[in-house]
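Since the structure comes first, as structure tokens, the remarks are kept for the end.
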Amino acid sequence: MTNYPVAVSGLTELAIVEDNHGLRKFWQHAMQAPILSNEEEYQLAKNYRERNDLEAAHKLVHSYLRLVLKTAREYVNYRLSMADLVQEGTVGLMHAVKKFDPERGNRLSTYAIWWIRAAIHDFILRSWRMVRIATTQLKRQLFFKLRQTKSSLAPLTRDEAEELAVKFRTDPDTILDVDHRMGAADASLNQPVLEGAGEMIEFLVDERPDQEYQLANRQQEMLRTVMVQQGLDQLSARERVIISRRFLADRQETLENLAQQFAISRERVRQIENRAMEKLRNFFLARPEASDLILES
């Protein structure tokens with residue numbers, strides 16, 4: 001029998017085993033736990049919260065293992081090990097005990113059920129496929145809703161998806177995407193395409209830019225930076241400031257703001273800008289290597 005100790009910030013509980021015999025032993029262990037009264041539960045939770053009384057935490061976990069088993073049984077049709085489901089649910093229960101505040105007036109069972117379900121849901125989604133089946137909170141919710149709603153394994157039609165989209169307050173494309181992910185099987189990239197023809201991974205195109213392309217881009221960017229700086233050096237100080245603030249800054253200045261800064265009219269700023277742009281254009285035209293920097297009118 002293989003036991004799995006699970007720990008959450010000092011709270012340790014004997015979890016689950018891989019075989020049916022171990023699961024039966026765990027069931028018996030859970031059934032032996034006393035059902036706590038409101039007062040007993042409150043005092044144990046308070047002792048753990050205020051004095052870090054681990055013995056009190058152990059008693060709380062032990063008393064609610066029945067809830068873990070009951071909840072885990074709801075997910076047996078997901079074709080996963082019941083032992084694994086119970087183990088994950090136990091982890092969720094222990095997190096709930098760790099965060100439970102008895103002063104709020106709720107029973108631990110009301111609070112813990114959400115942690116137990118969340119832990120089991122996360123395990124199912126991690127284990128369902130090698131490739132993650134749900135990448136957003138909405139799709140995580142839809143995965144379980146569709147599993148409960150669908151009466152067959154057949155893919156949904158567009159009309160069915162539109163009906164479910166209204167029911168679940170989303171769009172048909174999202175419904176169809178989750179349904180497709182649920183029904184699709186994982187495929188190894190190392191499986192042979194044809195006998196003697198190599199593996200599938202050998203036929204995938206690497207879309208990343210190669211090193212020569214990256215080097216050429218870096219060199220072109222460096223040349224562009226040098227040419228722009230040389231072009232700005234051809235301008236007067238005021239022209240350089242106006243061009244830099246109008247076209248090279250992260251947040252471009254308006255003609256009105258620049259007019260106020262230089263105490264000139266808005267039209268005068270526009271004239272200086274046009275003159276500076278013409279100087280830059282002539283400078284770049286005289287240099288073939290700066291052809292991509294030529295400013296069109």
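Key figures
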| read-out | value |
| --- | --- |
| Residue-wise HN-Hα coupling along the range 228-233, computed from phi with Karplus coefficients 6.51, -1.76, 1.60 (Hz; x: Gly, Pro) | 5, 5, 5, x, 5, 5 |
| Charged-residue dipole, Cβ positions (Lys, Arg, Asp, Glu), the range 211-293 about Cα centre, Debye nearest 20 | 300 |
| Mean Cβ neighbour count within 10 Å, used as a protection proxy, ranking 77-89, 34-46, 214-226 highest first | 77-89, 34-46, 214-226 |
| From phi via Karplus (6.51, -1.76, 1.60), per-residue ³J(HN,Hα) for the range 166-176 in Hz, x at Gly/Pro | 5, 5, 9, 6, 9, 10, x, 5, 5, 4, 5 |
| Förster-model FRET efficiency, 41 Å R0, Arg270 and Tyr213, C-beta, rounded to 0.05 | 0.55 |
| 20 Å Cα-Cα threshold exceeded, pairs from Lys25/Lys59; Lys25/Lys46; Lys70/Lys99 | Lys25/Lys46; Lys70/Lys99 |
| Amide hydrogen neighbours beyond the local backbone of Asp53, cut-off 5 Å, H modeled | Tyr48 |
| Assigned charges on the beta-carbon of Lys, Arg, Asp, Glu; the range 25-124 dipole about Cα centre (debye) | 200 |
| For the range 219-240 and the range 74-121, distance of Cα centres in Å | 63 |
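Coordinate-derived values only; no laboratory data. What you are looking at is a predicted structure, and each value in this text was computed from that prediction instead of being measured. Note that each Cβ is placed from the backbone with ideal geometry, even for glycine, and that neighbours are counted across all protein chains shown.
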